[in-house]
1. Expressed as an acute angle from 0 to 90° and rounded to the nearest 10, what is the orientation of the C-alpha long axis of helix 99-114 relative to the principal long axis of the chain?
2. Could you rank the peptides 122-132, 65-75 by their average count of other C-beta atoms within 10 Å per residue, with the highest value first?
3. How long are the three semi-axes of the equivalent ellipsoid for segment 4-57, computed from the Cα gyration tensor as the root of 5 times each eigenvalue, in whole Å, largest first?
4. Less than 11 Å Cβ to Cβ from Lys124, Lys/Arg counted +1 and Asp/Glu -1: what total charge do the surrounding residues give?
5. Would you compute the Debye intensity of the chain from its alpha-carbon atoms alone, equal scatterers and no solvent, and pass along log10 I(q)/I(0) at q = 0.19 Å⁻¹ to two decimals?
6. Any idea what the alpha-carbon Rg over 2.2 N^0.38 Å comes to for segment 57-100?
7. Quick one: which of 80-89, 27-36, 8-17 comes out on top by average Cβ neighbours within 10 Å, and what's the full order, highest first?
8. Do the alpha carbons of any pairs in Lys67/Lys124; Lys103/Lys138; Lys103/Lys129; Lys76/Lys126; Lys108/Lys138; Lys67/Lys145 sit beyond 20 Å of each other, and which pairs?
Amino acid sequence: MATIYQIKKIHTLKAIIGLDDDLYHDMLMSFDVQTSKNLTFTEAAIFIEILEEKAVAMKKWVKQPKKYSDLNRDPKMATPAQLRMIEGLWREICYCDNQDFAKKSLRKFLKSKFKTDDIKFLTKCKAVKVIQAIKGIKQNLKLKKSAATL
């Protein structure tokens, strides 16, 4: 689910752009949701990016650099996009909406399964494996959820 921070940012950007309700709801429908609260963490991040691009194009918003883009990365290390994807996927499967808890639980997962102390220390190869592992967990959670509803 989208975090409170993401929902606030979506509504702030909507107000900055001057987006009318009809267009806003049409944009949400492209994600198959009625409200921003029903977006997943990753969908909300994508929606925020779209709104930020519109605000920047209208010169009403100064876009902040993307997370991890300031890291000086060795070509063997995970890309900033991979690191953001890992965090986004983890937020989707994390059962607690607390940002600090999500960070700590991701670090614990990385330490126990991949022998890495922090997300910033992942190589490209390990990052791919982490993404696959989290997607596998996400798939298992969906299967359990669907089996529980039967």
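1. 30
2. Top to bottom by mean Cβ count within 10 Å: 122-132, 65-75.
3. 15, 13, 10
4. The answer is +3.
5. -1.21
6. 1.52
7. Descending mean neighbour count gives 80-89, 8-17, 27-36.
8. Checking Cα-Cα distances, Lys67/Lys145 exceed 20 Å.
Every read-out reported here was derived from the displayed coordinates using simple, explicitly stated rules and does not represent laboratory data. Everything numeric here is computed off the predicted structure, so don't read it as measured data. Reconstructed Cβ throughout: ideal geometry from the backbone, glycine too, with neighbour counts over all protein chains shown.
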